[in-house]
Amino acid sequence: MTSGWDKETDVVVIGYGSAGAAAAIAAHDAGARVLVLESTAQGGGNTLVSFGGFMVPTHLDKAIRYISGLYEFSHSEKDDELIRVFVEESSKSIEWLKSLKQDVAVLTYGGASYPSITGAETIKRYAVKGAHKGATAFAQNLWQLLSSAVQEERNIPVLTGTPAKRLVTDSDGTVSGVIARTQEGEISIQAKRGVIITTGGYGFNAEIMQNYVKGSPIYSLGHPGNRGDGLLMAQKAGAKLWHMNGVSCSFGIKVPEFESALMMGIGGDGQIFVDKSGKRFINEATIERHAGLLAVDFFDSNSLTYPRIPFFLIFDETARLRGPISRTVGLGSAGIRYSWSSDNSKEVDNGWIQKADTLVELARNLNIDEAALHKTITQWNSDVGRGDDTLYGREIPDDRSSALVANGPFYAATIHPCLINTQGGPRRNGKAQVVDAFNKPIPRLYSAGELGSLWGLIYQGGGNIAEALAFGRIAGVHAAGERCYISVLPDTKGDMS
């Protein structure tokens, strides 16, 4: 090519999860030639290891009020236009998904994560029905639908194992293409209309996590491809960052058998949480499952520790025999498939759960104060007997005996905050354009998905895939609508790779 580029197309999509797929489909359907770059061997990203649900509002004005409330309570930076656009576009997602293939069916499985906020009744969560089974079945159903629409129905080329390394910008800051790495070496790809970054977050970038997310150690449950590549590329192009402290974070255990942590749905009857001093610190039953980090990220400036990272899940023999201590195991865990034993015995034998005949022995095993743990358990059992949690107001079940921690042996699992995904990154506007420090669009640069998400410190379940689908479509349409821009490849030698 006389212009110096190795390849050329209209729109380059960097990253192939639900946001990248939606962007590619929308740009193609708007008349653009599209090329998708994916750093890993297959697509899917965090979408494929998630539950697969997405939020759809049933009333626009009430949904806007609810979502706005999440920012007002958390004091996160809010963009009213972005919220309005998100709500309007998300309301079209079910119809859009059904347009991709005949006989697509969805089901509803939940609602607002914070039902006390005004407008919560209008938030509904949906998932795509299909043939898959297991914890990530709905995610697999969704991804099969999206990837088929990209590769089979539209024949959009997807280059897997081809990470984008940097954006190419002209002297005026216009993004004109991408430098990517293949097994044969670097290639330059001209994007005549625009580049859309959908690379996900930075959960697997320790440096970025250390600088922006409070708490340590935090393990990751998400896709290992979330290394912050898109964040760094956008920064180099001059992008403004926001919501960098926002994460979706559950609880889990880290065991040597698996690289990723295992998500744990805990806080049921007969389970209490104690910190490193042996004391309860929260109402265990009311922690929203995406907000685990907010429950434990307290830093004690006296002891110079995070006293709740890790914390300990305490229960007794009655609770062990009742059933698995976790309501969910393995969901989100980078594709891990694990079946928890019905009576927790396998996990005790594995050493994942510590067992002790007495509370004194259990405290010693956990290296916490024996008297403090004994006092905590005694007070809890006394409160259960009266039907009143005097510390944190936890609801005591009608069958009070099911809530006691009194029948030895006693057990403990070491629990860490486990990251589902991050929310921060380059800020975008209502057209999905990435903006600079002065909120001016960077020419021909777009983004979608959790990279630069609209969600702040408080996250609504099903919000990330909803956002990926909505802003993926918006980015695809607007990028395809750019006027064709042909440039000569500038000298990129010396650029950071």
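General observations
- Taking the criterion of being of a type outside the set (A, V, I, L, M, F, W, C), in a strand (DSSP E or B) and touching a helix residue (DSSP H, G or I) at 6+ places or on another chain (Cβ under 8 Å), the residues of the range 233-284 that qualify are 248, 250.
- Residue within the range 466-473 that is among the acidic types (Asp, Glu), at negative phi and touching a Leu at 6+ places or on another chain (Cβ under 7 Å) present: yes
- Among the residues listed as 346, 355, the single one being of a type in the set (D, E, K, R) and within 16 Å of residue 412 (Cβ to Cβ): 355
- Selected residue (only one of 76, 91 is of a type in the set (S, T, N, Q), in contact with a strand residue (DSSP E or B) (Cβ under 8 Å, 6 or more places away or on another chain) and over 15 Å from residue 149 (Cβ atoms)): 91
- For the range 115-130, a residue qualifies if it is assigned to a strand (DSSP E or B) and of a type in the set (Lys, Arg), and the qualifying residues are 124, 125.
- Residues in the range 135-164 that are in a loop (DSSP other than H, G, I, E, B) and crowded, with 17+ Cβ neighbours inside 10 Å: 5 in all.
- Enumeration of residues in the range 195-213 that are hydrophobic (A, V, I, L, M, F, W, C) and assigned to a helix (DSSP H, G or I): 206, 208, 209
- Restricting the range 229-283 to residues that are surrounded by fewer than 24 Cβ atoms within 10 Å (Cβ to Cβ) and polar (S, T, N, Q) leaves a set whose member that is modelled with the lowest pLDDT is 260.
Residue-by-condition table, conditions (1) at pLDDT below 95; (2) out of contact with any Phe, Trp or Tyr (no Cβ under 8 Å at 6 or more places or on another chain):
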{"residue": "30", "(1), (2)": "no, yes"}
{"residue": "33", "(1), (2)": "no, yes"}
{"residue": "38", "(1), (2)": "no, no"}
{"residue": "41", "(1), (2)": "yes, yes"}
{"residue": "49", "(1), (2)": "yes, yes"}
{"residue": "61", "(1), (2)": "no, yes"}
{"residue": "64", "(1), (2)": "no, yes"}
{"residue": "70", "(1), (2)": "no, no"}
{"residue": "77", "(1), (2)": "no, no"}
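- As a summary of the residue check, residue 364 satisfies the conditions (1) buried (at least 20 other Cβ atoms within 10 Å of the Cβ); (2) more than 34 Å from the chain's Cα centre (by Cα) except for the one numbered (1).
- Residue in the range 75-83 that is without any contact (Cβ under 8 Å) to a residue 40 or more places away in the chain and buried (at least 18 other Cβ atoms within 10 Å of the Cβ) present: no
The values are calculated or read from the model by the stated rules, or taken from the named source; none is laboratory data. These numbers come from a predicted model, not from an experiment. Counting neighbours? That spans all protein chains shown, and the Cβs are built from the backbone with ideal geometry, glycine included.
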